[in-house]
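Following: one structure in structure tokens, then a few remarks.
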């Protein structure tokens, strides 16, 4: 086999599909027994849609996603709306799609191209050889050994591939906790508008997946939030954050979590590569994580296919780390700055958020460059 991909999330599926589209042999091994049904990542940025267009799948995502045309920032003193119309792209909006739907679309693409995902296959050991990698896996049918020219770890923050390859995952954890909830609700807030409400307690964001189905994220730097959100608790939290025209239904899914900021020390060890969350994890502010990982997949697929098909020099593979590690570090810096600006508990930062930050919306020369960077078009 040419390439064994470990992990069937969006990054692993896109990488494998791109290898197949380029005529290369690959397989995906996924530890979980079946595809995830959770929403998780939502935002697909304009730059990612441009990449999907090159891959021939953009229209599928455009048809399935909810379109966000701008974001409104709300503080106890004022509100301000930042439109996305100035993003220099045919996709000058953010596409909101639950991660399980993103995975389903990418899995369908992989299957169309003749690919196969082996669910319930867990990597337990790998051995690097001069001509590739020997991987030992536990499968529903018993132990299995696969030899591949290359192995790619797309297996998330707790990456087995990263650990077996001896790559460090450096960083830390932000104070406080966060909570995300997917819930049905009634509101007059348009389904084309994202919201970021900031008050003394922290940040409460709302992202529409459809007219009556929304993702709510609570980030509280000075609190320990519950592990899941009860309806009454969430309703009270939204009202306290300034969402006065919202009536919550029963939450469909909810999960408390800590926000981490970590990056791998390398993305290659011989014939083993890393991509996606196995390389980087950071604050969800800005919706960058999945998009960054998908761009990892695009870059690596292009490089692997060139080496496998045309015998391109190994230095092409060395360039993957030179390209993607700086890109990941840049995203970690941006999300760190945004997180501190939106959630830092210091009184000076709170005053700046309430009095200065909303005024930025009146100056396109200030916010447009930031929006372009976040949209991955700059």
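Can you give me the ranges of the helices (runs of 4 or more DSSP H) entirely in region 7-88 with at least 1 residues that are in contact (Cβ under 8 Å) with a residue 60 or more places away in the chain?
Result: 10-21, 46-55.
Among the residues of region 241-255, is any assigned to a helix (DSSP H, G or I) and more than 21 Å from residue 339 (Cα to Cα)?
Within region 241-255, the first condition is being assigned to a helix (DSSP H, G or I), and the residues that meet it are none.
For region 241-255, residues assigned to a helix (DSSP H, G or I) and more than 21 Å from residue 339 (Cα to Cα): absent.
Residues that are in contact with a helix residue (DSSP H, G or I) (Cβ under 7 Å, 6 or more places away or on another chain): which strands (runs of 3 or more DSSP E) entirely in region 125-240 hold 1 or more of them?
In region 125-240, the matching strands (runs of 3 or more DSSP E) lie at 150-153, 169-173, 177-187, 193-199, 202-208, 213-220.
Give just the number: which of (1) out of contact with any strand residue (DSSP E or B) (no Cβ under 8 Å at 6 or more places or on another chain); (2) modelled with pLDDT of 95 or more does residue 188 not satisfy?
(2)
When region 114-124 is examined, which residues are found to be farther than 19 Å from residue 158 by Cβ, in contact with a helix residue (DSSP H, G or I) (Cβ under 8 Å, 6 or more places away or on another chain) and part of a strand (DSSP E or B)?
Hit for region 114-124 is 117, nothing else.
Quick one: would you say residue 79 is farther than 17 Å from residue 297 by Cβ and in contact with a helix residue (DSSP H, G or I) (Cβ under 8 Å, 6 or more places away or on another chain)?
Against the criterion (farther than 17 Å from residue 297 by Cβ and in contact with a helix residue (DSSP H, G or I) (Cβ under 8 Å, 6 or more places away or on another chain)), residue 79 qualifies.
Taking into account only those residues within region 250-259 that are out of contact with any helix residue (DSSP H, G or I) (no Cβ under 6 Å at 6 or more places or on another chain) and surrounded by fewer than 15 Cβ atoms within 10 Å (Cβ to Cβ), which is farthest from residue 66 (Cα to Cα)?
Here is the first cut: in region 250-259, the ones out of contact with any helix residue (DSSP H, G or I) (no Cβ under 6 Å at 6 or more places or on another chain) are 251-259.
In the following step, the residues that additionally are surrounded by fewer than 15 Cβ atoms within 10 Å (Cβ to Cβ) were identified as 252, 257-258.
Numbers: 252: 18, 257: 25, 258: 27 Å.
Across region 250-259, the extreme among qualifying residues is 258.
The values are calculated or read from the model by the stated rules, or taken from the named source; none is laboratory data. Computed from a prediction, not measured in an experiment: that's the story for all the values here. Please note: Cβ atoms are built from the backbone with ideal geometry, for glycine as well, and neighbour counts cover all protein chains shown.
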